[in-house]
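Remarks on the structure that follows.
Values in this text are rule-based calculations from the coordinates and carry no lab data. Keep in mind the model is a prediction, meaning the values are calculated, not measured.
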Amino acid sequence: MATLPTAADTGSAATRPPLNGWLAVLAVMMGIFAIVTTEILPIGLLTPIGRTFGISAGTAGLTMTVPGILAALAAPAMTVATASLDRRRVLCALMVVLAVADLLAATAPAYWVMVVSRVLVGVVIGAFWSVGAGLAARLVPDRHAGRATTVIFAAVPLGSVLGVPAGTFLGTLAGWRAAFVVMGLLTVGVVVALLVFLPALPPQTPTRLSVLRTVLRGSATRVGLLVTLLVVSAHFGTYTYVTPFLEDVTRAAPASITAYLLVYGAAGLAGNFAGGLAVARAPSGTFCVAAAALAAATMLLPVFGRTDVGAVALLVVWGLAYGAVPVCSQTWFVTAAPHAPEAATVLFTSSFQATIALGALLGGVVVDAASTSAVMVAGGTVALLVPLALGLFRLRGPAHP
């Protein structure tokens, strides 16, 4: 891929002008924002997508399941396959694929074409997260690496703050396909930003399968895998179907649902930064609090979410809780394997995305077999297992890295 020369192409993070490094961080953050938004965009559009293709909400939920499965497989496979390539070129190429996937979804004449587009999204998610999420330390001086990592991970709640509500709003005004067109155009802009602001990033320590196996043997890594599995499956088993819940139980109007999702996302952004501050001091405690709050919010929604006020209040609690989860999980994995940060990020990405797929799939089964209220209770029950699991591991020895 052709590259554009930039002032940041040479030199280390310590010698480049600070502004260059932070612009590069923002470019990576926008890449992850585009990925996260594209991945979870169907959450706010499940009903019109299902109506277009004549399928149930549970079947439409496959648009969430498919990317997660492919991302889980792509994370280790693509990282190993691109181990010798410049990371800048890899990220730019992946963004091009994402733009193609968005435009393919926007023009899909049949549901199987939509699924193909989601396959491409999954490949991009797995590869981009694995390479991009751990780049902060190479873009800014060491003393700012923690802050830069938090900025990059702010893209996750920002996808909820801006992406899903905006997509839902666009879907209401111009149809769900318009939301994917806009995402495709935004992704093209991200490609340009990466080309302009990212320096050349030759691989440092290539990530081989043997390195992944070594990291996976660590007890702290395995604990991280378990708690990530539980809390992320609980979240996406419920959040994937939050729009049908608000329609069926809260009886909220489409415009109100957009506003509710915006409030949820704003709370998630606050939870991201609060979690980033807390996890450095108390990783186990932060995970426990986030999981318990998520469980309380989802399990109480069928009771108090029948009114607008109750639904909004619980969505705020839910957003605060889940906003802390991605940065907690990433920090856990990297701290568990400080000698292999890219390998740790691969495991984080793979486990996170596999669990998104699992949660969305199981949630769809519950929704189709029972109701959206039942899936909220089921997801909350799963989230409650996180404090229990960490408590049991603590009795056996240190449960955190």
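What residue among 371, 233, 351 has the largest mean-square fluctuation in a Gaussian network model of the chain, using Cα springs under 10 Å?
371
Grab the Cα-Cα distance for residue 51 and residue 259, subtract it from 0.36 nm times how many residues apart they are, and report the gain in nm with one decimal.
72.6 nm
Taking the chain as a Gaussian network, where each spring joins two C-alpha atoms under 10 Å apart, which residue of 168, 59, 345 fluctuates the most?
59
Mean separation of Cα pairs under 8 Å and 6+ residues apart, divided by the residue count of the chain: what relative contact order is that in percent?
Here the relative contact order equals 26 percent.
Name the residue, out of 365, 66, 346, whose mean-square fluctuation peaks in a Gaussian network model built on the chain with Cα pairs under 10 Å.
Fluctuation is largest for 365.
Work out which helices of the chain, taken as complete DSSP H runs, extend at least 20 Å along their axis over the Cα atoms and score a mean Kyte-Doolittle of 0.0 or more, then list them.
Taking the DSSP H segments of the chain (at least 20 Å long, mean hydropathy at least 0.0), we get 18-40, 62-81, 87-106, 111-132, 176-197, 219-239, 254-279, 283-304, 308-323, 341-369.
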